[in-house]
Amino acid sequence: MYLKLLFSFFKIGLFSFGGGYAMLPLIQQEVVNANNWLTTKEFINVVAISQVTPGPVAINTATYVGYKVAGIIGSTFATVGVVLPSVIIILTMSKFFFKFRNNKYVDAAFTGLRPAVVGLIAAAAILVAYGSFIDYKSVIIFLAAFIATSKYKVDPILMIILAGVIGFLVY
């Protein structure tokens, strides 16, 4: 099980670009669809918890899933699995960065990756939104939080705390 966690999260870390939110569709595929380690509802809850706890969302998610599947050692293997590809790639790229930083082919590759990253982040947003709206009250909480942060510039940390308190009181 430990090696399966390591390999699954290594694949996620290796084939995802754009950070934690871009990884969420890949994590869902591995965790919910391929391995049945979590249900869709549990996965959405893990994503929500991963967003409000310190650290990158993909690492927090990997740590939680690993812990749920195989305890503390499982969380270690899952976390190492999701981080290891980035470490390997960055170490390798740092050796060649200055040599190829102005290369038109490298620039073209990164230009091509940008729309894919935006698409993965949009897919993650839709995934989270799909399972988050359970009734009209949750839609009202969302709209209030969205308007307060975008129009009135309410601090996001304060908004997370307020939404949590409101959710606790309402539900």
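The values are calculated or read from the model by the stated rules, or taken from the named source; none is laboratory data. Worth saying up front: this structure is predicted, and the values here are computed from it rather than measured. When we count neighbours, we look across all protein chains shown, and the Cβ atoms used for this are built from the backbone with ideal geometry, even at glycine. To get the accessible areas, we keep the full protein, side chains included, count just its heavy atoms, and leave off ligands, DNA and RNA. Shrake-Rupley method; radii C 1.70, N 1.55, O 1.52, S 1.80 Å.
Comparison of Lys137, Lys68, Lys95 shows that the only residue that is among the charged types (D, E, K, R), modelled with pLDDT under 90, part of a helix (DSSP H, G or I) and farther than 15 Å from Pro25 by Cα is Lys95. Residues that are out of contact with any Gly (no Cβ under 8 Å at 6 or more places or on another chain) and not charged (D, E, K, R) were ranked within the stretch 1-15; the one that is least open to solvent (accessible area, probe 1.4 Å) is Leu14.
When the test is whether a residue is in a loop (DSSP other than H, G, I, E, B), in contact (Cβ under 8 Å) with a residue 12 or more places away in the chain and either of a type outside the set (Ser, Thr, Tyr) or within 30 Å of Thr111 (Cβ to Cβ) (or both), Leu38 passes it.
Regarding Ala48, is this residue of a type in the set (A, V, I, L, M), open to solvent by 20 Å² or more (accessible area, probe 1.4 Å) and touching a residue at least 24 places away in the same chain (Cβ under 8 Å)?
Details: of a type in the set (A, V, I, L, M): yes; open to solvent by 20 Å² or more (accessible area, probe 1.4 Å): yes; touching a residue at least 24 places away in the same chain (Cβ under 8 Å): yes.
Against the criterion (of a type in the set (A, V, I, L, M), open to solvent by 20 Å² or more (accessible area, probe 1.4 Å) and touching a residue at least 24 places away in the same chain (Cβ under 8 Å)), Ala48 qualifies.
A single entry from Tyr105, Tyr152 fulfils the requirement of being open to solvent by 100 Å² or more (accessible area, probe 1.4 Å), hydroxyl-bearing (Ser, Thr, Tyr), outside any helix (DSSP H, G or I) and more than 26 Å from Thr39 (Cα to Cα): Tyr152.
If you filter the stretch 63-72 down to residues that are open to solvent by 90 Å² or more (accessible area, probe 1.4 Å) and touching a helix residue (DSSP H, G or I) at 6+ places or on another chain (Cβ under 6 Å), you find that the one that is farthest from Thr39 (Cα to Cα) is Tyr67.
In the condition set (1) surrounded by fewer than 16 Cβ atoms within 10 Å (Cβ to Cβ); (2) assigned to a helix (DSSP H, G or I), Pro25 is compliant with all but (1). Taking the stretch 108-134 as the range and being part of a loop (DSSP other than H, G, I, E, B) and surrounded by 11 or more Cβ atoms within 10 Å (Cβ to Cβ) as the test, only Phe133 passes. Cβ-Cβ distances below 8 Å connect the following pairs, each with a first residue in the stretch 143-171 that is among the aromatic types (Phe, Trp, Tyr), a second residue that is open to solvent by 60 Å² or more (accessible area, probe 1.4 Å), and a separation of six or more residues or different chains: Tyr171/Lys137.
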